[in-house]
1. Taking K and R as +1 and D and E as -1, what net charge do the other residues with C-beta under 9 Å from the C-beta of Lys254 add up to?
2. If the chain between Asn449 and Leu468 were fully stretched, how many nm would it gain, using 0.36 nm times the residue separation less the Cα-Cα distance?
3. Pull out the extension gain between Ala41 and Leu491, defined as 0.36 nm times the separation in residues minus the alpha carbon to alpha carbon distance; nm, one decimal.
4. Sum up the charges of everything whose Cβ sits under 11 Å from the Cβ of Gln282, counting Lys and Arg as +1 and Asp and Glu as -1, but leave Gln282 out.
5. Run the simple label-point estimate for Asp407 and Thr483 please: 7 Å along Cα→C-beta, distance reported in nm.
6. Just subtract the alpha-carbon distance of Thr303 and Arg150 from 0.36 nm times their residue separation and send over the number in nm, one decimal.
7. Would you please state which residues of region 36-58 a label at Asp229 would reach in this model, taking the label point 7 Å out along Cα→Cβ and a backbone N cut-off of under 17 Å?
8. Please compute, for the alpha-carbon atoms of region 26-98, the extent along each of the three principal axes and give them in descending order in Å.
Amino acid sequence: MASDVRRVTKESNVADMWIAGEHTGSDGDHLTVTDPATGDAIDEVPEAGTSGVDRAVQAASEAFTSWRSTDATERADLLRALADLLEEHRSDLVSSLVAEQGKPTLEANGEFAHFLAGLRYYAEAATKVRGSYQDLPSQFGRSYGLIVRRPFGVVGAIIPWNFPLTLLANKLGPALAAGNTVVAKPAETTPLTTLRVAELSAEAGLPAGVFNVVTGGPDTGAALVAHPDVRRIAFTGQTTTGQKIMETAGPALKHVSLELGGSDPTIVLPDADLGSAIRMIQIGRYWNCGQACLAPKRAFVHTGVYDDFVDQFVGRVGRYEPGPGTEKPEKPKLPIGPLHTPGQRDLLVAQLSDAVDRGAKVLVGGEVIDGPGNFFRPAVVVDVPADARLATEEVFGPVLPVWRVDDLDEAITRANDTTYGLGSSIWTTDASAIDRAMRELEAGVTWVNQLHYGYDEMPFGGTKMSGLGKEHGLEALEEYVETKSVVVGGLG
Ligand code: NAD
């Protein structure tokens, strides 16, 4: 490792993988992890490749036999113990998240709290996996049937860089609660906090091999998907990556959940509480520097309130002060971190330029900030043509296009004019408009007068090209077990 590389956490050698309850290095290639606020290297991790994945899957397979037979109350206790221990290490883990992901400390603390809540939710749920009973016709002698729920075995959990911890909890929590073992692969740019969590899981008492972490990029992810002993894949990331995963998982008949991209519409009607709509759309769009799957990414505002909305919204967005996640600007300035990579920033700039070339107007922001780090001024854009990239592609950064609409019919038609179907929202007090939004918006979630936020208690997942299956809620727990029918005869 280069001598100028500093380790994010001091207590441990986090830069190894975590396999079978041990730090596991590799003689192969290594990947550099950089701080998005400075561009400096902060650590290196191994590219696990096929051999690293194989070791981890073998460890998880060996651990499965006893983990599936471990009493559900004990699994619950261990998940709770893990959450409690992680809480004791909050400060280090949050700093590590800020350093590798780039988000402001306030937001990293928010993600950390959500992460623990997710683990604790599934600790509670571990004892709630229930089967059922069935009386059977008696033509072969008195019999009854049981429908039991069994874990799959090894789950491969593949995670992106935007919310490394919460998106881990969404998979690790239900998988372990239901009796599966896990091989997680964090994004190549955000592996460090996950590795430290895995290391602490041993201290919390999780048996070796129950939770393993391999590091690396797309090839390592692909090797995990292809491994014959991985029975279920839980993936969050881009739609195109989800399609590749389906190509491998399909012929092998693996169970998959795919949480993919989104381009959530938000509709604002004239009877809405405008102040609340503006505040929540602003938080939703610019949180995590606009790099959230669930976020209002296209605003359709009724002509009756359009001018007020745009005026006030632009004023608020102008208050953002891009800076390192470790710094907090003086009020009334608002903190916003860097984009995660130079590539993310280049893509956003290309999408914005395309809209401007086609006649869109940028009302605030939109500039790349010179100097180290991937900083960009949050923007609001109007007059965006319907075929511009800002309208047709997922925009993963702090830019909101706002369109004027004449009525709810137009708003719903334009909201649904996308290949995505992740989230959606409407701001109104009109019961019939709410009813239509619930029924007609093509999305996995519709929020009414609420922030786009993924609750642990509510199932969440996309329709159309935004994915398959659910995360969160007891519904997600169901996706980590398969049913098996047992017929009991010989009863006379
Ligand atoms: P990505 O698809 O590039 O990468 C996600 C993960 O998949 C990474 O760990 C990566 O190494 C791995 N990977 C890449 N290619 C692979 C392959 N061929 N086989 C297996 N694994 C592979 O996504 P990203 O750019 O890191 O994340 C941003 C995307 O994630 C956005 O589209 C965003 O909307 C989406 N996202 C969706 C949700 C949701 O819940 N629906 C939540 C967060 C992010």
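1. +2
2. 4.2 nm
3. Value of the extension gain: 155.1 nm.
4. Combined, the nearby Lys, Arg, Asp and Glu give +4.
5. In this crude label model, Asp407 to Thr483 measures out at 4.5 nm.
6. Here the segment from Thr303 to Arg150 would lengthen by 49.7 nm.
7. Under cut-off, by backbone N: 49-58.
8. Here the spans come out as 47, 34, 14 Å, largest first.
Where a number appears in this text, it was derived from the coordinates with a stated rule and is not lab data. It should be emphasised that the depicted structure is a prediction, and the values quoted were computed from it without experimental measurement. Note: ideal-geometry Cβ built from the backbone for every residue, glycine included; neighbour counts use all protein chains shown.
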